[in-house]
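Nothing in this text is a laboratory measurement; each read-out follows from the coordinates by a stated rule. Please read these numbers as outputs of a predicted model, since none were measured by experiment. Because the Cβ atoms are built from the backbone with ideal geometry, glycine has one as well, and the counts that use them run over all protein chains shown.
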Amino acid sequence: MKNHLIIFYLIVTLILLNLNVYAQTFEKNNAPAAIKSIELRPLSANNYAPIIKLGESLVLSFDQLEAIGKNYTYTIIHCNYNWEPSRIATTEYIDGFATDNIRDYSSSFNTYQAYNHYQMNLPNEKTKLKISGNYIIQVKNDLDELVFTRRFMVYDPQVTVGVSVHKSQLIANFNTHQNLEFTVNAHAFRINNPSEEIKISLYQNNDWNTAINNLKPQFYSGNQLIYRYADKTLFEGGNEFLNFDTKNIRTATDHIFKIALKDLYHTYLYTDEGQNHKPYTYYPDIDGNFVIRSLSGETAITEADYTWIYFSLQLDFKPENQIYVYGNFNNWQLQEDQKMAYNQTSGVYETKLLLKQGFYNYKYVESGLNTLNLNAISGSFYQTENNYTVLVYFSEFGSRYDKLIGIGLANSRNLQN
């Protein structure tokens, strides 16, 4: 009997260890150096957010910086509200195959940097999504090694969400923050216990590092759930993103002072300065996103070239923190090549990134011990133009997964007092 108990506990321990390892490894946001220009966007909408209505399509694309193409597969995983794998079988959320090959790829043409461009639509004839919720797409190589992952969301509209953006009413951050107020209109959709069955996620400019979660309704009015917090839904306004455009790879444009052709193109940006002690100035941006484009050739996905982009930032040396170039070009992640080194001679932080031709937004951020300060360098202003997303999840009592039943969108151009 004693031996049976020992064996039982060993089996349980192994299962828990495997679950823990899986939970740590099923997401991989930082792709290897040979994988570039990853995009996951709605197919039919002019939108950078990977959010679609059930039945609509997304397109995933990326480049492999090698002349000879490799084989890649994708796997679709349904997740709960907290981005942990749902406890449901793949047949409950997939019609067809959850894993399949990425078959559509083409080689670059007339570029100094050779690459292969991969692309796939979702859903497709092999894989169709059956339910709403959070999803992760894994991309693996032919050795079954995880190359990268991306998150996306599928909603089935059962409720509507009205969202408005306001100046903060708190004196301490009146000039630096923006506050969201929103109402979930359930209409005929039955919610028995809103405080337990409804889960909310808010974020700014499609950046998960800004997410606010675990909000409870503040008021109830008939079939409405009302969220009008003064403090719990506050976001730093930040500042408008910096930008550069390399669509004409041979000619310097705004913010580019020099271009050189060696083995590849090398593009040198003017040195940036911190904006945190300067007054707010409006200039249009695309909220940290990027668009691949080129004036050469007819198809940018295979005829746009890669160029080394040289960044520099005039800033006092901060030995306690690391400085990174930041934006959606790398899925809002901090990767080693984005980390800037301080040049003692010139007194500036520097780094270079290999990026495909296009229009890019970026900013500089500080990272310390277990901290990420998005606006210490750029400054934070209530006037800044930002996009906001409200996601409404429904976790019905007894259900084994979280449904995404509504989304709300707002822009701070329509800022209210």
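Summary table below
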{"item": "Cβ-based charge dipole, the chain, positive-most Cα from Leu180, Leu215, Ser164", "result": "Leu215"}
{"item": "Additional length obtainable on full extension of the chain from Ser195 to Ile171, 0.36 nm per residue less Cα span", "result": "5.7 nm"}
{"item": "Three principal axis lengths of segment 185-301 [C-alpha, angstrom, descending]", "result": "65, 41, 22"}
{"item": "Solvent-free Debye scattering, log10 I(q)/I(0), computed from the Cα coordinates of segment 28-155 at q = 0.13, 0.14, 0.15 Å⁻¹", "result": "-0.53, -0.61, -0.70"}
{"item": "Residue among Ser367, Phe235, Gly69 farthest towards the positive dipole end of the chain, charges placed on Cβ", "result": "Phe235"}
{"item": "Derived scalar couplings ³J(HN,Hα) [segment 151-160; Karplus, 6.51 cos²θ - 1.76 cosθ + 1.60; whole Hz; x for Gly, Pro]", "result": "8, 8, 10, 10, 10, 10, x, 10, 10, 10"}
{"item": "Prolate/oblate/rounded label for segment 242-373 (Cα gyration tensor, a/c 1.5)", "result": "prolate"}
{"item": "Cα gyration tensor shape of segment 265-314, rounded if a/c is under 1.5, else prolate or oblate by comparing a/b with b/c", "result": "oblate"}
{"item": "Length-normalised contact order for the chain - Cα pairs under 8 Å, 6+ apart - percent", "result": "18 percent"}
{"item": "Flagged links, alpha-carbon separation over 23 Å, of Lys247/Lys363; Lys278/Lys318; Lys36/Lys278", "result": "Lys36/Lys278"}
{"item": "Computed over segment 59-218: relative contact order in percent, which uses C-alpha pairs under 8 Å that are six or more apart", "result": "19 percent"}
{"item": "Karplus (6.51, -1.76, 1.60) ³J(HN,Hα), θ = phi - 60°, over segment 132-139, in Hz, Gly and Pro reported as x", "result": "7, x, 8, 9, 10, 9, 9, 10"}
{"item": "Cα centroid separation, segment 42-57 to segment 366-417 (Å)", "result": "18 Å"}
{"item": "Relative contact order (percent, whole number), segment 183-231, Cα cutoff 8 Å, 6+ residue spacing", "result": "40 percent"}
{"item": "Of Lys140/Lys216; Lys28/Lys352; Lys70/Lys126, those spanning more than 30 Å from alpha-carbon to alpha-carbon", "result": "Lys140/Lys216"}
{"item": "Derived scalar couplings ³J(HN,Hα) [segment 401-411; Karplus, 6.51 cos²θ - 1.76 cosθ + 1.60; whole Hz; x for Gly, Pro]", "result": "8, 9, 8, 9, 9, x, 9, x, 10, 8, 10"}
{"item": "Summed residue charge, Cβ within 13 Å of Leu334's Cβ, Lys/Arg positive, Asp/Glu negative", "result": "-2"}
